[in-house]
1. Two decimals is fine: what is log10 I(q)/I(0) at q = 0.13, 0.15 Å⁻¹ for segment B:71-326, from a Debye sum with one equal scatterer on every Cα and no solvent?
2. Provide the FRET efficiency to the nearest 0.05 for the A:Phe375-A:Ile112 pair, computing r from the beta carbons and using R0 = 60 Å.
3. Along the Cα→Cβ direction, 7 angstrom out, place labels at B:Ala60 and B:Lys121. What is the inter-label distance in nm?
4. Roughly what would the spin-label model give for B:Phe37 and B:Ser297, points 7 Å off Cα along C-beta, in nm?
5. If you count, for every residue in A:321-328, the Cβ atoms of partner chains within 10 Å of its Cβ, what is the mean?
6. Are there trypsin sites (Lys or Arg not before Pro) in segment A:195-263 that DSSP puts in a loop and that have at most 10 other Cβ atoms within 10 Å, and which ones?
7. Kirkwood hydrodynamic radius of the protein assembly as shown from all distinct Cα pairs, in Å?
8. Rounded, prolate or oblate: pick one for segment A:71-159, where a ≥ b ≥ c are the square roots of the eigenvalues of its C-alpha gyration tensor, a/c under 1.5 means rounded, and failing that, prolate if a/b is larger than b/c, else oblate.
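The values are calculated or read from the model by the stated rules, or taken from the named source; none is laboratory data. All of these numbers come straight from a predicted model, not from anything done at the bench. Cβ placement follows ideal geometry from the backbone for every residue including glycine, while neighbour counts extend to all protein chains displayed. Ligands, DNA and RNA are excluded from the accessible area calculation, which covers all protein heavy atoms including side chains. Shrake-Rupley method; radii C 1.70, N 1.55, O 1.52, S 1.80 Å.
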Amino acid sequence: MDYVIEMVDITKKFPGVIANDKVNFKLKKGEIHALLGENGAGKSTLMSVLFGLYQPDGGKIKVYGEEVKINNPNDANELNIGMVHQHFKLVHNFTVAENIVLGMEDTKNGFISMKDSIKKINDLSKKYGLKVEANSIIEDISVGMQQRVEILKMLYRDADILIFDEPTAVLTPQEIEELMDIMRQFAKEGKSIVLITHKLREIKAVAERCTVLRKGKYIDTVEVKDTSMEEMAEMMVGRKVLFDIEKQENEINDTILTVEKLNVRDLINNKLLVKDVSFEVKEGEILAVAGIEGNGQTQLVEAITGLRKIDSGKVWFKDKDITHAPVREKTLQGIAHIPEDRHKYGLVLDFTLEENLILQDYFKPQFQNYGFLNFPEIHKHAEELIENYDIRSGKGRLTLTRSISGGNQQKAIIARELSRDNSLVIAVQPTRGLDVGAIEYIRKSLLQKRKENKAVLLLSLELDDVMNLADRIVVMYEGEIVANVMAEDTNENKLGLYMAGSKRGDGYEKN
Amino acid sequence: MRKIDKDKPLKLTTSELLALDVSKAKVSILSSLLSIFMGLVLGMIIMLIVKPESSFGGLATILTGGFQDGAQSFGNVLHYSTPLILAGLSVGFAFKAGLFNIGGAGQIVVGGFVAIYIGVKWTWLPSEIHWIVAMLGAGLAGALWASVPGLLKAYRNVHEVVATIMMNYIGMYLVLILIKGSVYNSDKNETVSVPRAARLPRWGLDKIFEGSYVSAGIIIAIIVSIIIYIIIFKTTLGYQLRMVGHNRHAAKYAGVNEKRNIVYSMLIAGALAGLAGGTIYLSPAGRHIEIVSQLVSEGFDGIAVALLGMSHPLGVLFAGFFFGYIKTGGFYMQSWGFDEEIINIIIASIIYFSALALIFRTKATQIILLFGKWFRNIFKKEKPKDKENRGDLDEEDN
């Protein structure tokens, strides 16, 4: 069998870490090959080496059987290797077409001539059913569409070897389905695809073979159809992973959070984003808010946590009216908040880890004396959390948070939020973009809170999270609650119908 | 216009990733030195154009002028550094909290006026504390002046750059009006001289640096730098301010009152600029506010000092010394027959070019990396790889 790509004994060292330690990777023509590993396992590094972003410290790369040296992405392009990065490299105020031709524009008498390019783009878009409009501006189109622009960029450069770096992290379930169809079509045409991911379901759905990396080391390459998800997870994490976490019966007690006829308005176009939403969260209960992205869930949580103004309605915490209480008061009363966007809200990336671990507590007597930070206590606190929550980073508590991996950044937030004395945990997409090990960990932590008789309000777009954790599920559609059901009385299909707005639950009929 | 998203996760290029390992301080210091060097090159070019035959001598004088007449020159270096350090701290402090204080000129002149007023009018104060009261008055006045843009920014979302620039002019003209009604010397069209008793004491520094203008001001500037360092890095207030400065969304999430912090940081920044004004107009050199429509240059030099010092209080301290040193050197350049205006242009180009230190940050990182690599390669005797790596590092950063 001929391989289009052979990477043999690739070693790449960064100061303090060996990102790739003699890794082997072989890609067949026309296959979809998954590259599986936890965050920091070295998947992206390996592909960056192939794409010419990094120079390996050892090993060799063969493309179509010939040994090559790939010094930069231009070399990779010439070898027909293309890559869709996890964070898109697009110019936001350029059109789709301008972004695609960037760097290889056609010119006529020194002026850019877009006509042929636009035609080529439209042809490609039609051929693969990408539905991309060449003349739209990037910032006006959805994230899913932006990803397709990145795909078109590769196709436009005649790439035959396509690397997708965590492509589904930013997509909705429907978009994921569509993306997989597109990939299958590519493979059918003889293009070879590398799919970097840590989502086993996707690998099962689309890939033929799978190479597993763990902590920079090559573990194995397996046939996907002969390997179970459990086996792959074990190879990836290095131990057995629980898929369906045991959720024990739990006593449900007093009401902690009451939301009453809450309305939130978009300040710009005066549209209601959250309409007359009411629900309760009780001690010992996990209430999940399900829904397709953009149906008001984010705004609902922002309103409850105090990040957004409430138009009308009431929020009660225990017996207190906290509708218009400032964020700090809510925090002090015992609301923990794991925010949706960990880089925007959850962390100060230019702070050290220990500084981030006292983000809401720095003014408490424990951490200060007369306005001076109490460094010994701060160090101790950080060491404890790092130890208890297994936050891994280069230089421990003094690591710059920016340089910590995403999974560990999330762990830091979880550690900070769950370690405080709380009676309500609001977790927004806590497992987004994380690997199996971390997801398992976070789910366990939330269940632990439930066991401790705390209330948990979980907002997640991943039905896996919702089904695995929730006691009760409310579904939001266009800012309204359309169903409020017990988890055991429902299933993914039913939830899907509620989420799509085609069905309403008992007591939530349209009036 | 699209805002650059600072909070976006880093996608590291090789050099950036490697750079994480190079200590931040090393990079900062090296890039500052590199920009100073570039500034000197530019100054040299200007001298070559204006007066080629004296250019090398001129450059040598700029570089050594701070020691030209021994202790006296160095005393003057300290004297010139004083307000620059304080003005630089003002800009740097606000910057740490995410605010750009361009209002130094206004805060300095308002602070300076109050200092002169107290110095001239409140002669009933005992002479031991007269200058202290005058300095405190200067700091308070500066804080008051900066509080206006601070409040506007916090509660009306008026951009602080616009507000502080406006306040520069309002401050300048208001001071000119107030001078005419109070401490006006109509013969010289400037303020009345502050009596010796109210000027900054010399604390024996004049014995060490004989014949210079040096005063207690420099000691105050050093102490204030250390205090600001402590505030920024060791107190809860500083922690909050840095949080707001780095990521205001996270600060909001953490329950920090952003509005109050904006006001606080402007108050402190203004007080620092006010103190700078105090040290200028209470100095033993006896400077006066002239009745001319001209903004105080130290206000803007402060921006350059803060930039060169990377807004770090101790960096600002050294950047202030450096600019004071160059200014003193410029003074001696007259002996090479350069016109005063040309000297000012040369100094300004060195100062402002030096302030572009930030631009050289990536270059500095690169240089450290390349040296490191070069060194390691010699050590390992891996000759062929060396060259290629250099090439690709350069490309990535350009």
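1. So the normalised log intensities work out to -0.75, -0.98.
2. 0.55
3. Each label point is offset 7 Å from its Cα along the Cβ direction, giving 5.3 nm.
4. Taking the simple label geometry, B:Phe37 and B:Ser297 are separated by 2.8 nm.
5. For peptide A:321-328, the averaged partner shielding equals 2.
6. Counting only loop positions with at most 10 other Cβ atoms within 10 Å, the trypsin sites (Lys or Arg not before Pro) in segment A:195-263 are A:Arg239, A:Lys240.
7. The Cα-based Kirkwood calculation yields 31.3 Å.
8. rounded
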